[in-house]
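Next up is a structure, given as structure tokens.
Read-outs throughout are calculated quantities, based only on the coordinates presented, and are distinct from any laboratory measurement. All values derive from a computational prediction rather than experimental measurement. Every residue, glycine among them, receives a Cβ derived from its backbone with ideal geometry; neighbour counts consider all protein chains shown.
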Amino acid sequence: MKLPTSAREPSTLAYISHEIRNTLSTLEILAGVLQSQRSENLSPNQQQIIRTIKETSGNLIHLLDNTLHKEAEHQSAPDLQPIQLSTLLSSINNLYSTFADTQSVSFHIEQTAADRVIDGQTSSHIRQILQNLIQNAIKFTSQGNVSLKVTDKEKDVIRFEVIDEGIGIASERLHSMFSPFQQADETTQQEHGGFGLGLYIVKQRVEELEGKIKASSQINKGTTFTVDLPLPLKPVAVSDSNRIDIHIHNNGTSSEYQSATHILLIDDNEAQNAALFEFLKERVGVCGIAENGAMAVQYLAEHQVDLIVMDLNLPDLSWQELIDNIQSLSPSPIVVYSGEQLPKQQALQLEQRVNSVIRKGAGSYKLILKHIEQLSRQSA
């Protein structure tokens, strides 16, 4: 692994985190493949070992995300740009509509608050607050509804409410939930994983923005987290068509799903390629593999593919160069599947050039199937 040598390159910590994420993601994918196969020949103890590997890998990925968030903010701070509230919410919806595809959950965002421009650093904090709360809500809701409501509480104060119909939290534990390493109860970590840092980080971010957070909950009925933030910025004029009112209903992805789709995987990590190939080989018609940009270009010159899944960190081409080459050879959809943390401006440019960006994380490899299903429906 080549480490950075100058202050202008990404930090050593970012490089190390990328390698750790790849390794954990590979372990999680392979454990998921084993878990989805017929288990008649496995003893209960062997089945439990597989579940433990999968769950522990996912937990460590979440812990890595939370631990490195400060580092990511530091690296990308110069590129933070002001953003409209509606644009921020749309981005969050795009992220969690795909995450909800792995659950039997209906996800809904409703904005009635006046739209406004939010400065870059504030928007980064709001994004992390909402992402942590929504991710928890979906995680602890096995079926039912999760919603985000954004309203004007009073002049220059916006209220964000994340509401779920999940397992709920006992009233005597609500106050302690904002302390580090706290779970809803003793069985939560065993059943759902995690380290109890998400709400602690949320509270820190809310306080940094001089806001307030509270929670209400009923066991087996659900939980509501309410965040009030002062955002004394002048509203911007928007039409009603720009209001966020999005409904996504998901019934989960079948592990028996099969498709004739021809896909190309582009990643220089041999173990990651092998893991994804094992996951996809019985679900697609043809799965090609390219370990660098040159191999990908040659493959696309010789084959017509339906979907391209690419990493960002290749040894011979930058991601911009790779996309240029791909788009000159093929009109196929491009899905980025990577653990790379790009600066904000580059991340926005990437989103405009590809069909979807999936960050390597717990269970995220399953989201590739969503795009395969969409292609199959279009060709049917």
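Between their Cα atoms, which of K149/K221; K203/K370; K149/K212 are more than 23 Å away from each other?
On the way: K149/K221 18 Å; K203/K370 33 Å; K149/K212 16 Å.
Checking Cα-Cα distances, K203/K370 exceed 23 Å.
Once you list every other residue whose beta carbon is under 13 Å from the beta carbon of D164, what net charge do they have if Lys and Arg are +1 and Asp and Glu are -1?
With Lys, Arg at +1 and Asp, Glu at -1, the net is +1.
Taking the Cβ of each residue in M177, M295 as the centre, tally the other Cβ atoms inside 10 Å and list the residues starting with the fewest.
Numbers: M177 22, M295 17.
By the 10 Å Cβ count, ascending, the order reads M295, M177.
For an R0 of 51 angstrom, estimate the FRET efficiency from the Cβ-Cβ distance between K281 and I219 and round to the nearest 0.05. Don't skip to the end; give the middle numbers.
Working: r = 43 Å, r/R0 = 0.84.
It comes to 0.75.
Between region 134-173 and region 262-337, how many Å separate their Cα centres?
38 Å
Fewest first, what order do F140, F277, F107 take by the number of other Cβ atoms within 10 Å? Walk me through the intermediate numbers first.
Details: F140 21, F277 16, F107 24.
Sorted ascending by nearby Cβ count, the order is F277, F140, F107.
Please arrange R173, R21, R377, R159 by counting, for each residue, the other beta carbons lying within 10 Å of its beta carbon, fewest first.
Working: R173 14, R21 23, R377 9, R159 17.
The fewest-first ordering by Cβ neighbours comes to R377, R173, R159, R21.
Now for a different question. Which lysines, if any, have their Cα less than 16 Å from the Cα of K54, not counting same-chain residues under 8 positions apart?
K139, K360, K366
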